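Worksheet: the structure to be examined is printed underneath.
The values are calculated or read from the model by the stated rules, or taken from the named source; none is laboratory data. Values in this document were obtained by computation on a predicted structure and should not be read as measured data. Cβ: placed from backbone, ideal geometry, glycine included. Neighbour counts: every protein chain shown. Calculation scope for accessible area: heavy atoms of the full protein, side chains included, ligands and nucleic acids excluded. Shrake-Rupley method; radii C 1.70, N 1.55, O 1.52, S 1.80 Å.
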Amino acid sequence: MSIARQTVESASAADNLRASLMMIGSTALFVVNDTLTKIIMQDMSAAQVIAIRGAMVCLLLFAIAWHRKALPSLSALTNPYLIVRTLADAGTTFLFMLALANMPIANASAIYQALPLVVTVGAALFLGESVGWRRWTATFIGFIGVVIIVRPGMEGFSIYSIAVLLSVVTSAARDLATRRMPKGLSSITVAAITAATITVLGAVLTPFTGVAPVTATHLALMAAAALLLSAGYVVIVAALRGGDVGFVAPFRYTALLFAIILGFLVFGELPDFWSSVGSIIVVLSGLYTIYRERRRRMVKIIKAQVH
């Protein structure tokens, strides 16, 4: 029993503490990026922001990939799971930014916290992973929390709430496709290909959504957002590699706290009572889902060692 537990929890307490702080830091970087992006989208379309910010991210990522000798090869570009992941990630970016431009950042972030629940359903349906009744129950309760936040048919409901929900679905498709990609495919390669695809799509759509004047302030904000986004990806990878996933992953939910704080300080937005209730339900059900997944993996290792 002690051997099995050590296998699952291989990181030391210091490693887990460091990794959890990194996870909190990465979520803060992502939320500040979202905040800066929302400010910029008050003056220009989401497609134009995606194109300009994406070009900056591409320069950074391809420079890193070149330095590491990890530039994409033709065989990598034709990998079907990479193609699915890239398109799903592009859909996530466009849908979430469309919603972010038109609804409170805390509400958008709260709905997006349903991602682990959707991944659980997708893994059961498409990857054949076993999901017990406890996780199915937690997932169902979590979706009730999402419905409370969205409130279809009520005054607070909008098409942009649906956009966030769709971004959760595309994010789940991205994560599930990532599980099937070749292990030898570098993370920086995947990130660079994804950034390039999203940038091209943003540039293609910009003429149809309108081209606004770009000031030095806009460029400075987008450069800061690009750096924060790139740093967030690096830090979150370090967090997941440096500690036990079951211990570190729950700290993703600090994104909701950061979104509420920045939404209030920058935009004067606060989630209403029912959005707060729904957010709590989604977070608690997500935490329980992560806990059950960790327990399931521990049982698998114990059985493997016994036999």
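Under 1.5 on a/c is rounded, so check that first for region 57-97, then, if it is not, pick prolate when a/b is larger than b/c and oblate when it is not; a ≥ b ≥ c are the square roots of the alpha carbon gyration tensor eigenvalues.
In terms of gyration-tensor shape, oblate.
Given a cut-off of under 8 Å on Cα pairs at least six residues apart, what relative contact order in percent is computed for the chain?
Value for the chain: 43 percent.
Let me know the shape class of region 80-157, please: from the alpha-carbon gyration tensor, a ≥ b ≥ c as square roots of the eigenvalues, rounded when a/c is under 1.5, otherwise prolate if a/b is greater than b/c, or oblate. Numbers along the way, then the final one.
Working: a/c = 3.02, a/b = 1.16, b/c = 2.61.
Since a/c reaches 1.5 but b/c is at least a/b, the shape of region 80-157 is classed as oblate.
Going by the alpha-carbon gyration tensor, a ≥ b ≥ c the square roots of its eigenvalues, is region 87-131 rounded (a/c under 1.5) or, if a/c is not under 1.5, prolate (a/b greater than b/c) versus oblate? Before the final figure, lay out the partial values.
Details: a/c = 5.58, a/b = 1.93, b/c = 2.90.
Note, shape of region 87-131 comes out oblate.
If you build a Gaussian network model of the chain, linking Cα atoms that sit under 10 Å apart, which residue out of 114, 255, 231 swings the most?
Maximum among the listed residues: 231.
Net charge near residue 186, counting Lys/Arg +1 and Asp/Glu -1 over other residues with Cβ under 13 Å of its Cβ?
Computed value for this residue: +3.
Per residue Cα convex hull volume for region 180-272, in cubic angstrom?
So the per-residue Cα hull volume is 188 Å³.
If you build the Cα gyration tensor of region 1-128 and take the root of 5 times each eigenvalue, what three semi-axes come out, in whole angstrom, biggest first?
Rounded to whole Å, the semi-axes are 30, 23, 19.
What whole-number distance in Å separates the alpha-carbon centres of region 206-245 and region 53-129?
Between the Cα centres of region 206-245 and region 53-129 lies a distance of 13 Å.
Ignoring solvent entirely, what values of log10 I(q)/I(0) come out of the Debye formula for region 59-197 at 0.10, 0.12 Å⁻¹ when each Cα is a single scatterer?
Those come out to -0.41, -0.58, one per q.
Helix by helix, which DSSP H runs in the chain go 27 Å or more along their axis at the Cα atoms and have an average Kyte-Doolittle hydropathy of 0.0 or more?
Helices meeting the criterion: 13-40, 46-67, 80-100, 159-180, 187-209, 216-242, 273-306.
Keeping all protein chains in place and using 1.4 angstrom, which order do 264, 96 fall into by accessible surface area, from largest down?
Values: 264 110, 96 30 Å².
If we order 264, 96 from most to least accessible, we get 264, 96.
Report the FRET efficiency, 1/(1 + (r/R0)^6), for residue 273 and residue 205, where r is their Cβ-Cβ distance and R0 is 41 Å, rounded to 0.05. If you can, show how the numbers build up before the last one.
Numbers: r = 37 Å, r/R0 = 0.90.
Between residue 273 and residue 205 the formula returns 0.65.
Taking only C-alpha pairs under 8 Å that are 6+ residues apart, what is the relative contact order of region 33-131 in percent?
In percent, rounded to a whole number, it is 33.
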